[in-house]
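**Student:** There's a structure below that I have some questions on.
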Amino acid sequence: MSRKPPKIIEVLHKRAELSARGAPPPDLEDAAIALLAEIGILNHDWRNIPDENSVARRRRQQELWLALNYSFRSFLESQGHVCPALNDLIDAQQNVLKGVSEDRMAHTQRVGNALPLETEYARALVIAAINKAPAGRRREVIAIGAAHLRFTSKQVNELLKNHRKGAYSRTLSDLVESIEFQIEAGVGAHVVQLREAGLLG
């Protein structure tokens with residue numbers, strides 16, 4: 001689609017870069033203003049969908065619904081939140097646009113491997129910290145992560161390996177992505193949790 005990713009994603013990534021250089025993190029008011037601006041653009045696009053044949057019009061509507069949900073997700077992530085239901089909806093919308101059949105949308109393995117949210121979050125913290133650790137500190141972070149999870153270092157390495165294979169739930173993957181984003185920015189609730197756990201230097 002022509003408007004993917006929506007402008008709000010670029011805006012929020014730029015804010016994260018500024019935060020990493022010592023500027024204030026994106027606050028709720030700023031993120032809300034960016035979201036409302038994106039919704040205004042989407043509303044304009046919606047009102048101006050060409051009056052073509054019904055198939056083309058329907059596809060354009062689906063593209064704009066997807067862009068709207070991207071915007072909501074970016075807003076939530078700017079505030080350190082992950083919404084698995086919204087992420088699954090976005091996946092389903094993407095698959096519809098790609099023409100993927102419904103029986104392939106189930107994500108049965110990943111949904112079936114979901115764990116309690118507290119467990120997913122603890123694992124996501126460790127995975128993200130290791131992924132973003134400097135090469136010289138990686139072994140130390142693995143050891144700290146193992147203690148945090150009450151794992152052995154070998155089990156942590158297996159956790160990383162399986163995560164990279166996509167063997168775990170979508171919730172875990174989304175949490176890792178959100179935490180890594182905040183690590184890069186250097187601010188956010190996840191960063192506070194990482195520091196408290198000793199996973200960030």
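The values are calculated or read from the model by the stated rules, or taken from the named source; none is laboratory data. On a predicted model such as this, the values are computed, not experimentally measured, just so you know. Every residue, glycine as well, gets a Cβ built from its backbone with ideal geometry; the counts of neighbours run over all protein chains shown. Each accessible area value is taken on the protein alone, full model and side chains, heavy atoms only, with ligands, DNA and RNA left out. Shrake-Rupley method; radii C 1.70, N 1.55, O 1.52, S 1.80 Å.
**Student:** Could you say whether any residue in the stretch 73-82 is modelled with pLDDT of 85 or more and either assigned to a helix (DSSP H, G or I) or open to solvent by less than 40 Å² (accessible area, probe 1.4 Å) (or both)? Even if it seems obvious, please write down each step before you answer.
**Tutor:** As a first pass, look at the stretch 73-82 and keep what is modelled with pLDDT of 85 or more: none.
No, the conditions are met nowhere in the stretch 73-82.
**Student:** If I ask for residues that are at pLDDT below 80 and either on the phi > 0 side of the Ramachandran plot or open to solvent by less than 10 Å² (accessible area, probe 1.4 Å) (or both), which ones from the stretch 167-180 would you list?
**Tutor:** Of the residues in the stretch 167-180, the ones at pLDDT below 80 are 167-171.
Across the stretch 167-180, the qualifying residue is only 169.
**Student:** Give me a count of the residues in the stretch 178-201 that are of a type in the set (D, E, K, R) and under 16 Å from residue 159 (Cβ atoms).
**Tutor:** First, pick out the residues of the stretch 178-201 that are of a type in the set (D, E, K, R): 180, 184, 195-196.
From what is left, the residues that are under 16 Å from residue 159 (Cβ atoms) are 180.
The total comes to 1.
**Student:** On to the next question. Considering each of 128, 122 in turn, give the residue that is open to solvent by less than 60 Å² (accessible area, probe 1.4 Å), under 14 Å from residue 194 (Cα atoms), modelled with pLDDT of 90 or more and out of contact with any Ser or Thr (no Cβ under 8 Å at 6 or more places or on another chain).
**Tutor:** Working: 122 fails: modelled with pLDDT of 90 or more.
Going through 128, 122 in turn, just one is open to solvent by less than 60 Å² (accessible area, probe 1.4 Å), under 14 Å from residue 194 (Cα atoms), modelled with pLDDT of 90 or more and out of contact with any Ser or Thr (no Cβ under 8 Å at 6 or more places or on another chain): 128.
**Student:** Got at least one residue in the stretch 151-166 being under 20 Å from residue 88 (Cβ atoms) and either open to solvent by less than 60 Å² (accessible area, probe 1.4 Å) or of a type in the set (A, V, I, L, M, F, W, C) (or both)?
**Tutor:** yes
**Student:** Another one. Determine whether the stretch 39-55 contains at least one residue that is part of a helix (DSSP H, G or I) and at pLDDT below 80. Working first, answer last.
**Tutor:** In the first step, residues of the stretch 39-55 are kept if they are part of a helix (DSSP H, G or I); the result is 39-47, 54-55.
Pick out the ones that are also at pLDDT below 80 and you get none.
No - not one qualifying residue is present in the stretch 39-55.
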